[in-house]
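One structure is given here, and the rest of the page talks about it.
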Amino acid sequence: MREEKLARKKNHLWACLLLSSLLAGSVTPSAWAAETAKQDSETKAAETEEFSLEDVTVTALRYKSKNLETPADVSSYSREQLKATGATNLADALKYSTGLIYSSMGPHGQSWGNMTSKIIIRGVESGTLVMMNGVPINMNGYYHLESIPVEQVERVEVLKGGGSVLYGSEALGGIINIITREKVQNSVTVSGGNDGQSHSVSLQAGKSSFNVSFGKTNESGVMTDPKANATYGTTGGSYYTAFGDATKNNVNWHYKFDDHFSANYSYGKDDYSVMYKKVGDDSLLRSSDYIDESHRLQLAYDKNGWSSKAYFNRQHVDQRGTEPALANKHDWTDTTNTVYGIDTQKTWQAGGATWLAGTTMQRESYNDFGQTLSGNKAARTLKAPYTNGPHDRNHYALYMQWDKELGSKNRLIIGAREDVVKTGEGQRFDALSPQLQFLHRLDENRSLYLNASKSFRMPNFTALYKTSSDNFISNPDLKPETGLNQEVGYKYEKGDVKWKVAAFHLEVDDQITWKKIVSGGSTYYVAQNVSKFRNSGIEASYDHKLSKHWSYSLGSSFGNPEQQESDGSAWTKTLGRMTFNGALHYMSGPWTADLSAMYYGDRVDSDGLERSAMIPVSLHVGYKLKENRTLTFDVDNLLNRRDVTTNSSAYYMPERSFRLGLTATF
């Protein structure tokens, strides 16, 4: 019966494709032909405009504001900039951005159940809020950027520093806002290389835009150091972790009813396996097979200063474990996370100021059930099936912002948000998040700003209620984390040169971690609120277009992230203290070339031990064969380094890989 259920899920992607095709089918073939030329010209115009709009952001203030006029550290990355890294998904692409720390436990950011890739902002490991078109997509604390294709993205805005005043829980370190494409160029892309394949189709049909992406990653080699084996198989020795073949299928559909009302739907399906293999003969000790499906539906209305967004997010993860030494004993889990809500805001002018007021109502639910194995080797047995959930909680929030010009050179912004969270277990949490921002224009090209804010993060359901593991112990008495962010910054923009620098100090109280405890020869991880986290540092970036052929960007971040487990205990170093990133772009005639690199150093692991630097480097080359045909060549991990990509256990970057692709537009 379970196999039939999984088989039905495998057909879900094609059902979604058919549904989207029918929705797009409101345009007949003859109408398609009549509109193709118009759509192509509009799309090319939009892509040209994209570069002029990079200095305008919407995330920092919830309405459009020029970067130079915004009192916050915010960066915008266009689709072309993201594609220039050679990455096919957002997790891989954003790791080359200034001040962001990339963490991954699988090849190209591949998830592993609850162990997912992370983009860490200002050292707060669980403080990144990810949004799609301005609405949150975090579910149970996870956001799965590795499952979002770059091809479906118009641009990404990254806001550093606390963002709870406008967006609520989880934005302790910052916000990543993904703006999906409203219009696309009709195109087909096929690509493949030594580690897999990646293909996509984009279609514009009247008011509908449509993108379908297919990806396959080949089985990886050794991804970890050997670990002592006391659990699996029939003999001792050691084992390592490897990833089997993986597929990623994604659909994104956008429909614009009119200038004020639109809908966006995204569907993703990841099918992958994680294997434990015996050191020495590579025999399989255990395989965990996952099917991970996600749905994201958004309805947006914007007119006369009113903006309202209704959203529905759901993720379902099916896991089945097999061990050759245990005939007919299969462990399994079935986990569903659901988030839905509505956010409505009004923007207006009064008293020479811009006012913004809004409300958010959101419901989260979590349900987990399955059957796990316990014991060692031949004594391993299936435990009784468990049920964990359903658990749920409701979020209610009111927020307001006042934005006032003080003369011709100064701008003052004051905001506040009150959140109330009520759980199905009868708990209630209240959080007040104020913010003060001030900007001073030195002249038309330079500005100084000050930004101070308070943020919070609710504990996720796993930390509160996890019951399926002998090694991880949940804690239903966890408190929300609270954070205080302070920063000052300088921005400069003139002609072909842009640069900015920001100094920041961040504190987090009651930070939630899985504390490692060794007792009686066994290792446990217990969810708890540690006393404090803090980080002080400075970030800088520089962009320069040297000529019509050459441009480059540089960035750096220096910080001192530290953790204190209990009041009065010593502060200990965590994560890493410095990052450097750079990109070199060349364009001449039919040729384009991009070299991207990042250095992440002065690192420690979760036990406080020194860890070597991580230095990913990628190369992207494009050649336009003719007006509507482009050939691409990408190399990932150009230096073929075996760097650790995580903060905890040692998981390594995949070896050097290459990919050859062809894109045809029509």
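Quick notes
- Cβ-Cβ distances below 8 Å connect the following pairs, each with a first residue in region 491-510 that is over 30 Å from F456 (Cβ atoms), a second residue that is of a type in the set (A, V, I, L, M) and open to solvent by less than 70 Å² (accessible area, probe 1.4 Å), and a separation of six or more residues or different chains: E493/L68; W499/A540.
- Scanning region 412-438 for residues that are under 26 Å from Y366 (Cβ atoms), surrounded by 14 or more Cβ atoms within 10 Å (Cβ to Cβ) and among the hydrophobic types (A, V, I, L, M, F, W, C) yields a count of 3.
- Among the residues of region 459-473, those identified as open to solvent by 30 Å² or more (accessible area, probe 1.4 Å) and not hydrophobic (A, V, I, L, M, F, W, C) are K466, T467, S469, D470, N471.
- Qualifying residue in region 636-656 (condition: in contact with a helix residue (DSSP H, G or I) (Cβ under 9 Å, 6 or more places away or on another chain), on the phi < 0 side of the Ramachandran plot and at pLDDT 95 or above): yes
- Candidates A93, A84, A72, A37: the one that is at negative phi and at pLDDT below 85 is A37.
- Looking at region 233-333, the strands (runs of 3 or more DSSP E) lying wholly inside it that each contain 3 or more residues that are more than 23 Å from S111 (Cβ to Cβ) and at pLDDT 95 or above sit at 246-256, 261-278, 284-303, 306-322.
- D496 fulfils the conditions (1) touching a Leu at 6+ places or on another chain (Cβ under 6 Å); (2) surrounded by fewer than 16 Cβ atoms within 10 Å (Cβ to Cβ); (3) of a type in the set (D, E) except for a single criterion, (1).
- Inspection of region 324-336 identifies at least one residue that is basic (K, R) and surrounded by 14 or more Cβ atoms within 10 Å (Cβ to Cβ).
- Given (1) surrounded by 14 or more Cβ atoms within 10 Å (Cβ to Cβ); (2) at pLDDT 95 or above, number of the condition F369 does not satisfy: (2)
- Residue that is most open to solvent (accessible area, probe 1.4 Å), among those in region 71-92 that are out of contact with any Phe, Trp or Tyr (no Cβ under 8 Å at 6 or more places or on another chain), under 19 Å from T663 (Cβ atoms) and among the polar types (S, T, N, Q): Q81
- Residue within region 325-340 that is touching a Pro at 6+ places or on another chain (Cβ under 8 Å) and small (G, A, S) present: no
- When residues of region 376-386 are limited to those that are touching a strand residue (DSSP E or B) at 6+ places or on another chain (Cβ under 6 Å) and free of Cβ contacts under 8 Å to residues at least 24 places away in the same chain, the one surrounded by the most Cβ atoms within 10 Å (Cβ to Cβ): K383
- V339 fulfils the conditions (1) open to solvent by 40 Å² or more (accessible area, probe 1.4 Å); (2) assigned to a strand (DSSP E or B); (3) in contact (Cβ under 8 Å) with a residue 60 or more places away in the chain except for a single criterion, (1).
- Tally of residues being over 28 Å from the mean Cα position of the chain (by Cα) and surrounded by 16 or more Cβ atoms within 10 Å (Cβ to Cβ) across region 393-411: 3
- Just one residue in the set T360, T347 is crowded, with 21+ Cβ neighbours inside 10 Å, in contact with a Gly (Cβ under 8 Å, 6 or more places away or on another chain) and under 27 Å from E154 (Cβ atoms); that residue is T360.
- Within region 82-93, residues that are more than 15 Å from Y552 (Cα to Cα) and in contact (Cβ under 8 Å) with a residue 24 or more places away in the chain reach partners that are of a type in the set (D, E) and part of a helix (DSSP H, G or I) with beta carbons closer than 6 Å, at six or more positions or on different chains, in the pairs N89/E146; A91/E146.
- Note on region 198-227: residues that are closer than 30 Å to V279 by Cβ and free of Cβ contacts under 8 Å to residues at least 40 places away in the same chain amount to 4.
- Flag if A228 is open to solvent by less than 10 Å² (accessible area, probe 1.4 Å) and of a type outside the set (V, I, T): no
- Among the residues examined, N647 does not qualify as open to solvent by 70 Å² or more (accessible area, probe 1.4 Å), within 22 Å of T241 (Cβ to Cβ), in contact with an Asp or Glu (Cβ under 7 Å, 6 or more places away or on another chain) and of a type outside the set (A, V, I, L, M).
- Within region 122-146, residues that are more than 17 Å from E157 (Cα to Cα) and of a type in the set (F, W, Y) sit with their Cβ atoms under 9 Å from residues that are part of a loop (DSSP other than H, G, I, E, B) and open to solvent by less than 20 Å² (accessible area, probe 1.4 Å), at 6+ positions apart or across chains, in these pairs: Y142/S111; Y142/T116.
- Picking from residues in region 632-644 that are open to solvent by less than 80 Å² (accessible area, probe 1.4 Å) and in a loop (DSSP other than H, G, I, E, B), the one that is farthest from A84 (Cα to Cα) is D643.
- Checked against the criterion of being modelled with pLDDT under 95 and either in a strand (DSSP E or B) or touching a Lys or Arg at 6+ places or on another chain (Cβ under 6 Å) (or both), region 458-473 has at least one qualifying residue.
Quick grid of which residues meet (1) within 18 Å of Y77 (Cα to Cα); (2) in a strand (DSSP E or B); (3) open to solvent by 10 Å² or more (accessible area, probe 1.4 Å); (4) modelled with pLDDT under 90:
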{"site": "Y102", "(1), (2), (3), (4)": "yes, yes, yes, no"}
{"site": "M105", "(1), (2), (3), (4)": "no, no, yes, yes"}
{"site": "V130", "(1), (2), (3), (4)": "yes, yes, no, no"}
{"site": "E151", "(1), (2), (3), (4)": "yes, no, yes, no"}
{"site": "R155", "(1), (2), (3), (4)": "yes, yes, yes, no"}
{"site": "V165", "(1), (2), (3), (4)": "no, no, no, no"}
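- Residues in region 168-184 that are open to solvent by 20 Å² or more (accessible area, probe 1.4 Å) and within 22 Å of V56 (Cβ to Cβ): I179, E182, K183.
The values are calculated or read from the model by the stated rules, or taken from the named source; none is laboratory data. Worth saying up front: this structure is predicted, and the values here are computed from it rather than measured. Don't worry about glycine lacking a Cβ; one is built from the backbone with ideal geometry, like all the others, and counts go over all protein chains shown. Just the protein is used for accessible areas: all its heavy atoms, side chains included, with ligands, DNA and RNA removed. Shrake-Rupley method; radii C 1.70, N 1.55, O 1.52, S 1.80 Å.
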